[in-house]
């Protein structure tokens, strides 16, 4: 599992995928360093996701406008889910229609950029958890963001058009979050996955159930795209999709064994061997995944304790570094 899963150089900036399909990449793909996409046909464009702050989103939009003049008039933005690194830049496109699942829109309303700003300002007083939070998010500028929520929502599936191209939106959440969406452009043989795929980095399952996430991977495989743009990490193909699917199956099965044995969440997360994924970044996310799986196994509807999970990730990151 240590082989590279990217199919082209993983460099920062705009990548031409051919036929009017584009990707914006932000190495190294860790916390907050998300990807975005652009779909073009003639004078029409659709943007898949904005970025974590206004500076980063503005830089991306400027590069797109230089390379693709039609992108000066982005009519539609699809937010693949509610995490701020995929939607905080919406306000820089005030005239665009913002499309997301109803579940994502509901979740987005409770994930204000102000929450991140408040947490960042409090972080120096929060000890190890605060240090870890700053490690993850200290590079981003949450000041000045006016949250712009979706103006059009859907559930299940929705087909849009960019010129003559069909753009098929499929709700596959709850999985990573409550309202994850895949964006498939059949004419370009491209799928933009949002955070259903973290390539060469550990996925993080805030919502579950895991079966939905595995099914989402199987759905991408069934679409047989030539190019897959993940939410984080390098552009990949079906090898990357299968790698994430296999990781989820492995973590599910390993967590189940420890749940049935009565092992607590933190001890189970520390006990699960990650040797086959040693080249993947952000291994501390294992504790969130185990916690979500344990709640699923127990039939609990309780939401994740996000602050508690950041504390647990900080501890397990230190433990695994020994």
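Each value in this text was obtained by applying a stated rule to the coordinates, not by laboratory testing. The model shown is predicted, which means the values in this text are computed figures rather than measured ones. FYI the Cβ positions are ideal-geometry reconstructions off the backbone, even for glycines, and counts take in every protein chain you see.
I need the full set of residues from the stretch 261-273 which are touching a residue at least 24 places away in the same chain (Cβ under 8 Å) and either surrounded by fewer than 18 Cβ atoms within 10 Å (Cβ to Cβ) or under 21 Å from residue 193 (Cα atoms) (or both), in order please.
Listed by number, the residues that qualify are 266, 270.
Tally time: how many residues in the stretch 198-238 are in a helix (DSSP H, G or I) and touching a strand residue (DSSP E or B) at 6+ places or on another chain (Cβ under 9 Å)? Spell out the reasoning first.
As a first pass, look at the stretch 198-238 and keep what is in a helix (DSSP H, G or I): 210-223, 238.
Narrowing the set further to residues that are touching a strand residue (DSSP E or B) at 6+ places or on another chain (Cβ under 9 Å) leaves 216, 219-220, 223, 238.
Of the residues in that region, 5 qualify.
In the stretch 162-179, what count of residues is obtained for those that are part of a loop (DSSP other than H, G, I, E, B) and either in contact (Cβ under 8 Å) with a residue 60 or more places away in the chain or under 9 Å from residue 101 (Cα atoms) (or both)? Break it down into steps so the answer makes sense when it comes.
Within the stretch 162-179, the first condition is being part of a loop (DSSP other than H, G, I, E, B), and the residues that meet it are 163-164, 172-179.
Checking the rest, the ones that are also either in contact (Cβ under 8 Å) with a residue 60 or more places away in the chain or under 9 Å from residue 101 (Cα atoms) (or both) come to 163-164, 173-174, 176-179.
Total meeting the criteria: 8.
Condition test on residue 70, is it free of Cβ contacts under 8 Å to residues at least 60 places away in the same chain and farther than 12 Å from residue 231 by Cα?
yes
Look at residue 105 and say whether it is more than 20 Å from residue 141 (Cα to Cα), touching a strand residue (DSSP E or B) at 6+ places or on another chain (Cβ under 7 Å) and without any contact (Cβ under 8 Å) to a residue 60 or more places away in the chain.
Numbers: more than 20 Å from residue 141 (Cα to Cα): yes; touching a strand residue (DSSP E or B) at 6+ places or on another chain (Cβ under 7 Å): yes; without any contact (Cβ under 8 Å) to a residue 60 or more places away in the chain: no.
Criteria not met by residue 105.
Hey, residue 187 hits all of (1) surrounded by 22 or more Cβ atoms within 10 Å (Cβ to Cβ); (2) touching a strand residue (DSSP E or B) at 6+ places or on another chain (Cβ under 9 Å); (3) assigned to a helix (DSSP H, G or I) but one; which does it fall short on?
(1)
Which count do you get for residues in the stretch 197-212 that are under 22 Å from residue 275 (Cα atoms) and within 12 Å of the chain's Cα centre (by Cα)?
Restricting attention to the stretch 197-212, the residues satisfying the condition of being under 22 Å from residue 275 (Cα atoms) are 197-205, 210.
Next, only the ones that are within 12 Å of the chain's Cα centre (by Cα) stay: 197-199, 201-205.
Qualifying residue count, the stretch 197-212: 8.
If you take the residues in the stretch 131-151 that are more than 27 Å from residue 209 (Cβ to Cβ) and in contact with a strand residue (DSSP E or B) (Cβ under 9 Å, 6 or more places away or on another chain), which one is surrounded by the most Cβ atoms within 10 Å (Cβ to Cβ)?
148
Quick check, is residue 182 closer than 21 Å to residue 97 by Cβ, in contact (Cβ under 8 Å) with a residue 40 or more places away in the chain, crowded, with 20+ Cβ neighbours inside 10 Å and in contact with a strand residue (DSSP E or B) (Cβ under 8 Å, 6 or more places away or on another chain)?
Values: closer than 21 Å to residue 97 by Cβ: yes; in contact (Cβ under 8 Å) with a residue 40 or more places away in the chain: yes; crowded, with 20+ Cβ neighbours inside 10 Å: yes; in contact with a strand residue (DSSP E or B) (Cβ under 8 Å, 6 or more places away or on another chain): yes.
For residue 182, the condition - closer than 21 Å to residue 97 by Cβ, in contact (Cβ under 8 Å) with a residue 40 or more places away in the chain, crowded, with 20+ Cβ neighbours inside 10 Å and in contact with a strand residue (DSSP E or B) (Cβ under 8 Å, 6 or more places away or on another chain) - is met.
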